[in-house]
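Have a look at the structure below, then the notes.
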Amino acid sequence: MLNRKGNLWVPSFDGNGAAFGFSTRLGGVSADPATAEMNLAFGREDPDGVVLSNIGIFARALTGGLYGAENVVCAPQIHSATVRYVTEADRGSGVTDRGGAAPCDGFVTDRRGVILTVRVADCAPILFRAEREDGGILVAAVHAGWRGTVSGIAAAAAEKLASLGAVKKSVRAAIGPHIGPCCFEVREDFRDAVAVERGRAFAERHIASRDGSLFADLTGMNTEILSEADVSPERIEVSTECTACRPDLYHSHRRTGGKRGAMGAAAVIL
Ligand SMILES: [Zn+2]
C-alpha cells in the first residue's frame with residue numbers, strides 16, 4: 001500500500017532518515033497538454049528550463065524543501081539490468097550536468113543528499129530501502145519496463161544493496177504506479193521473449209489470456225523476481241493504480257502512443 005502525500009505517492013517506509021516518492025502528473029509547470037503538469041523527462045514537448053523547474057519542484061516536495069534539482073541524479077534509460085552505485089560526486093548528473101551521464105536503469109547509494117531518480121510512463125518504478133548492521137541506510141531506485149523486468153533489474157538492485165552491506169531482512173521495496181494487467185496487452189512474441197529469459201512457466205504465470213488477447217502483469221513478475229532475491233512479498237508494497245487507466249493522474253506511453261511526459265520515482269537519504 002502506498003500513501004498519498006500531496007502530489008506524490010510514498011511507501012510506508014518513507015521517513016526515518018530517508019525519503020521516497022513516486023510523482024504523479026500533478027503539481028509541475030509544464031503547459032503542453034501532452035506533458036502537463038509535471039513532466040520530469042527532457043527531450044519531450046517541454047523546453048529544458050521547464051523540465052528543470054519540475055525536477056526542482058519534485059525534489060523539494062520529496063525532501064520537504066531540503067534539496068533541489070542540483071541534488072538529483074538521472075541517466076539515459078536503456079531497459080537494461082544495470083544498477084549504478086553513485087555518490088555526492090554524481091549529484092546533478094543527467095540534470096544540471098547532462099553531458100556525461102552513463103546510461104543505466106537504476107541507482108543505489110549509501111550517501112546523504114543524493115536523490116536517485118528514474119523516469120517512467122507505464123514502466124514499473126521500484127524503490128528500495130535497506131540497513132546495514134550498524135543502522136546505516138542504503139537506498140535504491142530502478143526503472144523496470146518489461147525488458148528490464150525479465151532481465152532481473154529488481155534482483156540486481158537487491159544484490160547491489162547486499163554487496164554494500166545491507167542486512168537481507170531489512171530490505172524493503174515499493175513498486176509504484178505502472179501499466180496494469182488491465183491495459184498491458186501483449187502479443188505472442190512478447191510471451192515467447194519472456195519465456196526465453198525466464199522460462200515458459202514464468203511467462204504463463206504472469207501473462208494471462210482474456211477475451212482472446214494476452215495481458216502482462218509487471219507487478220507479478222517483479223514480485224516473483226524480488227522473492228527469488230530474498231525480498232519476500234510481505235516486504236514489498238505495491239501501487240494498485242494503472243497509468244493507462246488514469247490519464248488524470250499519470251502519463252502513459254501506451255495510451256498516448258508516445259506523446260507524453262514522464263513521472264519520476266526517487267529515493268534519498270536525508
Ligand atoms: Zn489499466
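The numbers here are math on the coordinates, done by the rules we state, and not lab data. Computed from a predicted model, the values in this text were never measured in an experiment. Counting neighbours? That spans all protein chains shown, and the Cβs are built from the backbone with ideal geometry, glycine included.
Taking 23 Å as the straight-line reach from the Cα of K168, the lysines in range (excluding those fewer than 8 positions away in the same chain) are K160.
Each Lys and Arg adds +1 at its Cβ and each Asp and Glu adds -1 at its Cβ; summed about the Cα centre, the stretch 1-96 shows a dipole of about 300 debye. Considered as an equivalent ellipsoid built on the Cα gyration tensor, the chain has semi-axes of 26, 23, 16 Å, the largest given first. By the beta-carbon count within 10 Å of each Cβ, the least crowded to most crowded order of Y67, Y250, fewest first, is Y67, Y250. If only the Cβ of Lys and Arg carry +1 and only the Cβ of Asp and Glu carry -1, the dipole of the chain around its Cα centre is close to 200 debye.
Helix-only mean residue ellipticity at 222 nm, the chain, DSSP H runs n ≥ 4 weighted -39,500 (n - 2.57), per residue, nearest 500. What is it?
Numbers: 7 runs with 66 residues, N = 270.
Rounded to the nearest 500, it is -7000 deg cm²/dmol.
Kyte-Doolittle mean at least 0.0 and Cα extent at least 24 Å along the axis: which DSSP H helices of the chain qualify? Numbers along the way, then the final one.
Details: long enough: none.
Correct list, ordered by number: empty.
Annotation: for a label point projected 7 angstrom from Cα along Cα→Cβ of D189, residues of the stretch 143-161 with backbone N closer than 20 Å are 145-151. Between the amide H of A144 and those of A124, I126, distances stay under 5 Å, these residues lying 5 or more places away or on another chain, with hydrogens modeled in the peptide plane. Taking 0.36 nm per residue of sequence separation and removing the Cα-Cα distance, the R205/D230 pair yields an extension gain of 7.1 nm.
Taking other Cβ within 10 Å of each residue's Cβ, how do M221, M263 sort, fewest first?
Working: M221 23, M263 31.
Listing M221, M263 from fewest to most nearby Cβ atoms yields M221, M263.
When restricted to Cα atoms, the stretch 1-134 yields an Rg and a Dmax of 14.3, 48 Å, respectively. Put in line by how crowded their Cβ is, counting other Cβ atoms within 10 Å and starting with the fewest, S239, S232 read S232, S239. GNM remark for the chain: springs join alpha carbons under 10 Å apart, and the peak mean-square fluctuation among G43, G180, G68 falls on G43.
Charge tally around P177: other residues with Cβ under 11 Å, Lys/Arg +1 each, Asp/Glu -1 each, net 0.
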